[in-house]
Amino acid sequence: ELHEIIRRHAQAAGMRVKEEGADNDLLERLAADPAIGMTREEMEALLDVRPFVGRAPQQVEAFITMEIDPFLERHAHRLGATSDVQV
């Protein structure tokens with residue numbers, strides 16, 4: 001039953017975005033529905049992925065520092081190159 005409620009709200013919010021260019025108001029719609037029984041703040045807390053990413057941010061920074069930055073430095077002479085290829 002809740003799945004169907006969420007699906008209907010998601011479709012309505014998606015239509016609003018696609019057809020009107022409006023912001024996605026899915027969480028507001030869900031928070032306003034008594035069947036959901038949660039506030040927007042409660043939903044946002046559950047949707048926060050930061051507790052689940054572990055060390056990924058630090059690993060990305062280390063990869064950029066150790067791999068990407070040196071690569072860019074080695075190929076700096078190619079940066080800013082132009083091409084007449086047209087697609």
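The values are calculated or read from the model by the stated rules, or taken from the named source; none is laboratory data. Here the structure is a predicted model, which is why all the values come from computation and not from measurement. Counting neighbours? That spans all protein chains shown, and the Cβs are built from the backbone with ideal geometry, glycine included. Accessible surface areas use protein heavy atoms only, side chains included; no ligands, DNA or RNA. Shrake-Rupley method; radii C 1.70, N 1.55, O 1.52, S 1.80 Å.
Filtered by the rule that a residue be in contact (Cβ under 8 Å) with a residue 12 or more places away in the chain and open to solvent by 40 Å² or more (accessible area, probe 1.4 Å), region 13-30 gives Leu26, Glu28, Arg29. For Pro70, the criteria (1) open to solvent by less than 70 Å² (accessible area, probe 1.4 Å); (2) touching a helix residue (DSSP H, G or I) at 6+ places or on another chain (Cβ under 9 Å) hold in every case but one, which is (2).
Can you name every residue in region 1-35 that is closer than 20 Å to Leu46 by Cβ, among the β-branched types (Val, Ile, Thr) and within 21 Å of the chain's Cα centre (by Cα)? Listed by number, the list holds a single entry, Ile6. One residue stands out among those in region 31-59 that are part of a loop (DSSP other than H, G, I, E, B) and of a type outside the set (A, V, I, L, M, F, W, C): the one that is surrounded by the most Cβ atoms within 10 Å (Cβ to Cβ), which is Asp33.
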